[in-house]
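*Asks:* The structure follows.
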Amino acid sequence: MTLGQFIRKSAFRNRRRSLLTITSMAFSMLLLSLLMTIWNTFYHETGAPDSALRLITRHRVSLTFLVPNSHRAKIRSIPGVTHIAPLTFYMGQWKDDRPENYFASIATDPAEYIDVAADKIVPPDQLKAWQADRAGCLVDAHLAARHGWKLGDHIHLKGTYFPTNLELTIRAMYTIEPANDALYFNQEYLEESLPFVKGQSGAFLTRVDSPAAVARVGTAIDEMFHNSPNPTRSESEQAFRLDFLSMMGNVKAFILLISAAVTFAIMLVTANTMAMSIRERTREVSVLRTVGFTRRRILILFLSESLTMAVLGGLLGVCLCAGLVREIGAARGVGMPFTIHVSNLTMLVALIVSAILGVFSALLPSLHAARKSIVDGLRYLG
């Protein structure tokens, strides 16, 4: 029997306990991988390349404050600005409030929006049809396929934030990679329904001529309206997305605390399992010492057993996380304004963490067993 075979048989001597330990490690690594994926998506993803040419300008106080449309012409005059379109987040409800029926609904200017969001591909004939119909709308082709919508279909949106309902007709569909599952309609149609919105927008989406101009143009916009009754805050699309997250509280601290708790808990579980296993084999260890096994070989044996179970659990957890995230990404029915995926680095880190936990959780019990004298071990009754 080789040392590898001996380690494998020893690790799964008590199959029920070993499987429970592997399962615990798998679910812990599933949660840890998911948290790392969310962290990476929120704070490290830069978005589509075209988004590097855009910035969003909103009221400095809050997204709930509207800004006057007169700002649009002034922003257009700033050097480096190529196109600008208004955005008002209507956020209506379709059918009911179930997550799978959620999607973003945004009022904008059909005449210029696609010039700003050039990464959205719209057939020219459909774009003209949308621009010609004040009650028309533009929808993500992925969203339309999910709900079985076709051109010409009518969509009824119930107002949640704005106190008005809208009856829209699908006139165009766009494709974008990755899909963002949103619906856009004419802002003039919203203004007709709500007179108090007339002449105002929730924000402005501005396109500049180069990525280097984003910071300069954003600063120029905010300085232009610094002393006006409606001061602004301009930021990149990534920064704007993080502002949304900040409304949920300190997301970073939440993820870090949960990750630390998961790591500590699984280390205790693995350590307890290895301690029980080693304690039951105290006399066996003394017999191995008697037939020539050194203290070092005994230590390596127990650490290898723990490492084997930890890595198997980590591998299972990473695979489960990848499958879960793939299903979430395919469903796109939870209203996420971002695309989530498990990176190779995240999977590698999770496996390394599981291996480290496996070694460190078994280190103290293994050292104790390796240092125990042969006589004391043979006298041990359990």
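*Asks:* List the pairs from Lys74/Lys128; Lys95/Lys150; Lys120/Lys252; Lys120/Lys150 whose alpha-carbon separation is above 22 Å, in the order I gave them. If you can, show how the numbers build up before the last one.
*Replies:* On the way: Lys74/Lys128 27 Å; Lys95/Lys150 17 Å; Lys120/Lys252 31 Å; Lys120/Lys150 18 Å.
Check vs 22 Å cut-off fails for Lys74/Lys128; Lys120/Lys252.
*Asks:* Work out the FRET efficiency for Thr164 and Ala111 from their Cβ-Cβ distance, taking R0 = 25 Å, and round it to the nearest 0.05. Present the calculation step by step, with values, prior to reporting the outcome.
*Replies:* Details: r = 23 Å, r/R0 = 0.91.
Between Thr164 and Ala111 the formula returns 0.65.
*Asks:* Quick one, which of (i) 17.3; (ii) 22.2; (iii) 24.6 is the actual mean projected area of the Cα convex hull in nm² calculated for this model?
*Replies:* (iii)
*Asks:* Find the accessible area per residue for the chain; the probe is 1.4 Å, ligands and nucleic acids are left out, and the unit is Å². Spell out each step's value before the answer.
*Replies:* Details: 19040 Å² over 382 residues.
Counting only protein heavy atoms, the per-residue value for the chain is 50 Å².
*Asks:* Taking the range 16-109 on its own, what percent of its Cα-Cα pair distances exceed 15 Å?
*Replies:* Roughly 78 percent, once rounded to a whole number.
*Asks:* Can you list the residues, at least 5 places off or on another chain, whose amide H is less than 5 Å from the amide H of Leu183, using H built in the peptide plane?
*Replies:* It is Ala104, Ser105, Ile106, by chain and number.
*Asks:* If packing is taken as the average number of other Cβ atoms within 10 Å across a peptide's residues, how do 59-71, 78-90 rank, most packed first? Please list the in-between numbers first.
*Replies:* Values: 59-71: 15.5, 78-90: 19.2.
Per-residue mean Cβ counts within 10 Å order the peptides as 78-90, 59-71.
*Asks:* Which listed residue (Ala261, Pro86, Gly148) has the Cα farthest towards the positive end of the charge dipole for the chain, taking +1 on Lys and Arg C-beta and -1 on Asp and Glu C-beta about the Cα centre?
*Replies:* Comparing the listed Cα positions along the dipole, Ala261 ranks first.
*Asks:* By per-residue mean of other Cβ atoms within 10 Å, what is the highest-first order of 291-299, 207-215?
*Replies:* 207-215, 291-299
*Asks:* Tell me which DSSP H helices of the chain clear both cut-offs, 18 Å or more of axial length from alpha-carbon atoms and a mean Kyte-Doolittle hydropathy of at least 1.0.
*Replies:* Numbers: long enough: 15-43 (41 Å, 0.81); 251-280 (44 Å, 1.50); 295-331 (54 Å, 1.29); 344-371 (40 Å, 1.63).
Qualifying helices, which must be both long enough and hydrophobic enough, are 251-280, 295-331, 344-371.
*Asks:* Long-range amide H contacts for Ile155: which residues qualify at under 5 Å (H placed 1.01 Å from N, peptide plane, sequence gap of 5 or more or a different chain)?
*Replies:* Leu168, Thr169, Ile170
*Asks:* Ignoring ligands, DNA and RNA, what percent of the accessible area of the chain is carbon or sulfur (1.4 Å)?
*Replies:* About 63 percent, which is the carbon plus sulfur part of the accessible surface.
*Asks:* What distance in nm lies between label points placed 7 Å from Cα along the C-beta direction at Phe12 and His368?
*Replies:* 2.8
*Asks:* Here is a further query. Among the aspartates and glutamates, which have Cα under 12 Å from the Cα of Lys158 when same-chain residues fewer than 8 positions away are ignored?
*Replies:* Reachable aspartates and glutamates: Asp96, Asp97, Glu167.
The values are calculated or read from the model by the stated rules, or taken from the named source; none is laboratory data. Every value quoted in this text rests on a predicted model; they were computed, and no experiment measured them. Methodologically, a virtual Cβ is constructed for each residue, glycine included, from the backbone with ideal geometry; neighbour enumeration extends over all protein chains shown. We work out accessible area using only protein heavy atoms, side chains counted, and drop any ligands, DNA or RNA first. Shrake-Rupley method; radii C 1.70, N 1.55, O 1.52, S 1.80 Å.
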